[in-house]
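The values are calculated or read from the model by the stated rules, or taken from the named source; none is laboratory data. Remember, it's a predicted structure, so these values are computed and weren't measured experimentally. Cβ coordinates were reconstructed from backbone atoms using ideal geometry, including for glycine residues, and neighbour counts include every protein chain displayed. Ligands, DNA and RNA are stripped out before the accessible areas are found, and what is left, the full protein with its side chains, is counted by its heavy atoms. Shrake-Rupley method; radii C 1.70, N 1.55, O 1.52, S 1.80 Å.
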Amino acid sequence: MTAATAQPELIASDEDELPNFVAKKKLGFGFWLAITWLIVIIGAAVLAPVLPLKDPDQNFVQFEEKENPITGKLTESPVQPPYSPSSTHIFGTDQDARDMLSRTIYGARVSLVVGFAAIAFGMIVGGTLGMIAGFIGGWFDRIVSFLFLCLLSFPALVLAILITALIDRSLFTIALTLGILAIAPVGRLARAQTLVFAEREFVTAARTIGAKNSRILIRELLPNVLIPMSALALLGMAVSIVAEGSLAFLGLSIEKGSTWGKLILTGSGISDLDKAPWIAFTPIIFLFLTVVALNFAGDRLRDYFDVREITV
Amino acid sequence: MKYWLQRLGMMIALLIAVSMLTFGAMSFLGDPLFNILGPIAGDTENPENVAKVQAAKEQYYLDKPVPERYVRWAGDFITGDFGVQFSTDGQPPVSDLVKERLPRTIQLTVMAQILALGIAIPWGVLSASRANSLTDRASTMTAFGFVSLPQFALGIILLYVFGIKLDLLPDTYNATDPFWGFTHGHRLIQLILPAFTLALPAASTYQRLLRTDLITTLQEDFVLMARAKGMSRRKVLFGHALRPSMFSVLTVFGITAGALIGGALIVETIFRIPGVGLAIVEAILREDFPVVLALVMIVTTAFLVLNVLVDLLYSVLDPRVRR
Amino acid sequence: MAVNTPLLEVENFNVGFKTERGLAKAVDGVSFVLNRGETLGIVGESGSGKSVLNRGIMGLIASSRVVETGSVIFDGVQLANQDRQDLWGKRISMIFQDPMTSLNPVMKIGKQINEPIRKHLGFSKSQATERAIELLTSVGIPEPARRISQYPHEMSGGMRQRVMIAIAMSGEPEMMVADEPTTALDVTVQKYILDLLRQVQLDRGMAMTLITHDLGVARGRTDQIMVMYGGRIMEHAETEALFANMRHPYTEALLASIPRLAHAKHTRLSPIPGAPPDIVEPPPGCRFAPRCRYAQQQCITESPAVIDDNGHRYACFYPVGTDENAEALATNQARGETATGLKIGPAPSKTDNDGENG
């Protein structure tokens, strides 16, 4: 390490900062790439039944000709699955000879729905509570803030397991559970944003002309709080999808139908990983790309709107 | 002083709220009598069994209303009596399970945090001192990837690459092996892959925060001053700029401490480490509520205590915030 | 060590910053010689290039966006475009403008002084602490033994600047660069710090460059003064000679713009009209012409060369105190504006006109 290369970064002058600062205010190519992937995967999930995909539940057992050791005749006998990726199954098959690509795309349906429903629930409940708490303050604010803190100090995954154990493991319950987990982080941001905007001139102006509280909340504050929250929605959806995957991985997610987490679980045994890594890695790749896309798009949006305090 | 008293009051209030929530939820879950006695708990005919049921009810206060049971439990818990494991034969005390499981999880998480900081600090310093260079951009992308990779997926990838294909590190954990030592037969080595699975995403989060803060610090006058004093580049970065740039990392360290137990749960599942995480899942599924309660309370207390420590560390890092 | 032998020789030194519009010439063809044990005052408004000049000499602004040319010889060694890291703190020290931000807020004062002592003098920790206490005593800090375990925020601005001076002295350097050391301080402590600096400099036989925007600060605390404008030298002379025989209109204007305690209470100050020049695309003539009340056609088209009049250097076609100067002013007053279009009063009062240069 020579000093000559050391100096430029250490002793940057003020002018160095200006161009970067200006450049930050663009969403950029990466953002649109991420959005493209999200559109592709959501489109594939929605249109899965009409797309030329193989039936995700069909067993595509392959046969080969073998010489019967006793009679010496050639007979057709089934080959032990899983089958490695080939032109018929580009991502291979699982242990029951089912096509991994179609299973992964059908799995996306559940994973995406759960992720979306969870964050939507969190936004509606947490957002409303947080905004009202931030707006009216006082004892209501204190109680709501304390509830948020309780939810945050509880180990999230443990709470999820507790709730699913308590009710059942249907799609609805899982989405609800993850939605409950999203309440506190969303609520805290909504409250903080409301506090910021409640001080602004346009709110004061609305008050002085005698606008009702409900009108100020909905017409003046909501649009301003909603914009930065869109970034949190994307990040939160990523968190929910991962959380569902984690539950599934522990064998505690939805009982019927496949999700990415469950698919990964089926391929994650040490011998399966060794002999047929594609079973676990196909859903991992789809999950990873989706989560990266959501995180990246959310991150860019957050920079774009310059939201400082986000707690996910 | 007043501040710390408030903190303490808040902590106690939180612990009470969390314990009530857990206690309430667990009371709705099935009948613990089945856990204790097995199928005979449902027997209302055989007088011998009915007597046993009655005895068990009285012993564990199961015939009392939920609020009373909560108060009894809380009283015992404060004095260090965690109750007994309903679902294990002979009903051994929960503290036995805690003593067996907790050290393993502590070993795992402490190792993971040391690794995370050990990776994140040099990595963040490198990135910030070459801000916007190719190295920096590549490392920002890498960090982003790790943050977006779910824990279980990362665990599987590490297991596949280092445990199976390259066969460098042990892929299973054996609770009976000795801890200290450097062969596959020692738990220190067996914990490397699990600890990395926990550490890499955390390290990436820390790296991102440290990089941002450090870039800001490097614009400060006192950094230029330190250079002009003749301090070497390394000394300026690590001795002068690093410490005032650690605040965000510290804050997030506190916040993610809770997420760590979730991570530990996943990692313990993948690598089959019988720790607290696995114990909680097992206990919930077996509806063994004294165990669930004790473990949830331990985890929550640890989280709250860690956050108080984080608060104390702020004043160590920055003398200006000393109260 | 012999005084009056050159320590720092700067020859045709240029510093340019690459910008989107082109190269911004912050320092343009500066030459001077600084002898051992002497103090050079560098005076100019903000943006005159005085700070960049000093950081350029120190080698503290090297970056891919900076272009440095010319020669900087320190104690017989060519420094230009060389790594000067091993000189910092040991042979050349620097005192920064703002003591509030230039000390590390999370490091004890003692450690901040010890660091360079241990590095440059090879002292042990306890020796270094002892030396640190001596240094703090010598800059007039009461209870130094207690102060070394304090943090910067526990001290006042004046105290902190004294600590900075102690740090700058710690490596026993031959030269000190003081970059507007009192700008950020209370008026009441400014004089004390400046006198302390001069005292330290004389006691230790260090050479010093004192950068300031205040000619009055430089007076009495320097051996020579260099007045800069738009990255160029306007006037450079021994301090006494400069004040006795001010030649450049900019120096004159600079002095008139500063409040003097000696002045009557209601004397009007004469701020210099206009703003510092564009250094990316500077006008072809004299840099100061657009703001100069003597400016003539020649000043717009031609750049005046530096004239060396027995060691008194200045760059002006119409130097103050000459007949040409008086004629130029009369011409401008007659038409109500200068050749560059600067409006000037048609009938200025006698006293104002004579100003400080009588």
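Structure summary
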read-out	value
Filter result (among the small types (Gly, Ala, Ser) and either surrounded by 20 or more Cβ atoms within 10 Å (Cβ to Cβ) or more than 14 Å from chain A (Cβ to nearest Cβ) (or both)) within the range C:72-87	C:GLY76
All positions within the range C:36-55 that are within 12 Å of another protein chain (Cβ to nearest Cβ) and of a type outside the set (S, T, N, Q)	C:VAL52, C:ARG55
Enumeration of residues in the range B:279-323 that are without any contact (Cβ under 8 Å) to a residue 60 or more places away in the chain and hydroxyl-bearing (Ser, Thr, Tyr)	B:SER315
Count of residues meeting criterion [acidic (Asp, Glu), in contact (Cβ under 8 Å) with a residue 60 or more places away in the chain, open to solvent by 10 Å² or more (accessible area, probe 1.4 Å) and in contact with a helix residue (DSSP H, G or I) (Cβ under 8 Å, 6 or more places away or on another chain)] in the range C:173-193	1
Lone unmet requirement of (1) assigned to a loop (DSSP other than H, G, I, E, B); (2) in contact with a helix residue (DSSP H, G or I) (Cβ under 6 Å, 6 or more places away or on another chain); (3) surrounded by fewer than 23 Cβ atoms within 10 Å (Cβ to Cβ); (4) not aromatic (Phe, Trp, Tyr) for A:ASN295	(1)
Residue that is farthest from B:TYR206 (Cα to Cα), among those in the range B:236-277 that are more than 8 Å from every other protein chain (Cβ to nearest Cβ) and either open to solvent by 40 Å² or more (accessible area, probe 1.4 Å) or among the charged types (D, E, K, R) (or both)	B:ARG272
Pick from the range C:194-226, criterion of a type outside the set (D, E, K, R) and over 23 Å from C:ARG36 (Cβ atoms), ranking: most open to solvent (accessible area, probe 1.4 Å)	C:HIS213
Single unsatisfied condition, A:SER258 versus (1) more than 8 Å from every other protein chain (Cβ to nearest Cβ); (2) outside any loop (DSSP other than H, G, I, E, B); (3) in contact with a Gly (Cβ under 6 Å, 6 or more places away or on another chain); (4) not β-branched (Val, Ile, Thr)	(2)
Qualifying residues in the range C:145-159 (those that are within 11 Å of another protein chain (Cβ to nearest Cβ) and either out of contact with any helix residue (DSSP H, G or I) (no Cβ under 7 Å at 6 or more places or on another chain) or closer than 29 Å to C:ILE57 by Cβ (or both)) - the one surrounded by the most Cβ atoms within 10 Å (Cβ to Cβ)	C:PRO152
Unmet criterion (only one of (1) within 11 Å of another protein chain (Cβ to nearest Cβ); (2) open to solvent by 10 Å² or more (accessible area, probe 1.4 Å); (3) in a helix (DSSP H, G or I)) for B:VAL292	(2)
Residue match in the range C:88-101 (condition: within 14 Å of chain B (Cβ to nearest Cβ), assigned to a helix (DSSP H, G or I) and in contact with a Lys or Arg (Cβ under 9 Å, 6 or more places away or on another chain))	yes
Single unsatisfied condition, C:VAL66 versus (1) within 14 Å of another protein chain (Cβ to nearest Cβ); (2) out of contact with any Pro (no Cβ under 9 Å at 6 or more places or on another chain); (3) β-branched (Val, Ile, Thr)	(2)
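Each row is one residue, and each column tells you yes or no for (1) at pLDDT 90 or above; (2) in the same structural domain as C:LEU185 (by TED's automatic domain parsing).
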position	(1), (2)
C:GLU45	no, yes
C:SER48	no, yes
C:GLN85	no, yes
C:PRO99	no, no
C:ASN114	yes, no
C:ALA132	yes, no
C:SER138	no, no
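To keep it simple, each residue is scored yes or no on (1) surrounded by 24 or more Cβ atoms within 10 Å (Cβ to Cβ); (2) on the phi < 0 side of the Ramachandran plot.
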{"residue": "A:LEU178", "(1), (2)": "yes, yes"}
{"residue": "A:GLU201", "(1), (2)": "no, yes"}
{"residue": "A:ALA206", "(1), (2)": "no, yes"}
{"residue": "A:GLY210", "(1), (2)": "no, no"}
{"residue": "A:ILE241", "(1), (2)": "yes, yes"}
{"residue": "A:GLU255", "(1), (2)": "no, yes"}
{"residue": "A:LEU263", "(1), (2)": "yes, yes"}
